[in-house]
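Heads up: the structure comes next, in structure tokens.
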Amino acid sequence: MNFLRIAFIIYLLLINVIAVIITVYDKLAAKNHKCRIKESTLLLLSALGSSAVMYITMLIIRHKTLHIKFMLGIPLIFVAQCFVLYFIIGALYG
């Protein structure tokens, strides 16, 4: 069970670092009129476990803050992830 916990923590660290890099890259690409990251890719990264960090990153760098899809969607993904985690923990330790 320890291995799964460590693997999960490493996964979360990696997905969050990737999300920050991709979000910052997309902001820079937007400013420099270069190839952008698809919105669906950003939302998928959020759903894969980086919703909180991606949301904070977007607020800090002021990226996609005028898009309701992101400013409402990512917090909703985060809430859904919290519910799923709550039920998983309940099933494992309940």
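The values are calculated or read from the model by the stated rules, or taken from the named source; none is laboratory data. On a predicted model such as this, the values are computed, not experimentally measured, just so you know. We place every Cβ from the backbone using ideal geometry, glycine too, and count neighbours over all the protein chains shown.
The single condition among (1) in contact (Cβ under 8 Å) with a residue 12 or more places away in the chain; (2) more than 10 Å from the chain's Cα centre (by Cα) that residue 47 does not satisfy is (2).
So that you can scan it fast, the table gives a plain yes or no per residue for (1) at pLDDT 95 or above; (2) aliphatic (A, V, I, L, M); (3) closer than 18 Å to residue 8 by Cα:
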| position | (1), (2), (3) |
| --- | --- |
| 30 | yes, yes, no |
| 34 | yes, no, no |
| 42 | yes, yes, no |
| 57 | yes, no, no |
| 67 | yes, no, no |
| 70 | yes, no, no |
| 75 | yes, no, no |
| 88 | no, yes, yes |
| 91 | no, yes, yes |
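Applying the condition of being among the aromatic types (Phe, Trp, Tyr) and free of Cβ contacts under 8 Å to residues at least 12 places away in the same chain to segment 56-94 and asking which residue is nearest to residue 41 (Cα to Cα) yields 83.
All conditions but one from (1) free of Cβ contacts under 8 Å to residues at least 12 places away in the same chain; (2) not in a loop (DSSP other than H, G, I, E, B) apply to residue 33; the one that does not is (2). Applying the criterion of being surrounded by 11 or more Cβ atoms within 10 Å (Cβ to Cβ) and under 15 Å from the mean Cα position of the chain (by Cα) to the residues of segment 66-75, the residue that is nearest to residue 32 (Cα to Cα) is 70. Can you pull out every residue in segment 57-94 that is under 15 Å from residue 25 (Cα atoms) and of a type in the set (A, V, I, L, M, F, W, C)? If the condition is that a residue be under 15 Å from residue 25 (Cα atoms) and of a type in the set (A, V, I, L, M, F, W, C), then 58, 59, 60, 61 are the ones that fit. Can you confirm whether residue 28 is within 30 Å of residue 93 (Cα to Cα), free of Cβ contacts under 8 Å to residues at least 12 places away in the same chain and in a helix (DSSP H, G or I)? The answer is no for residue 28.
When residue 16 is tested against (1) modelled with pLDDT under 95; (2) crowded, with 16+ Cβ neighbours inside 10 Å, just one condition goes unmet, and that condition is (1).
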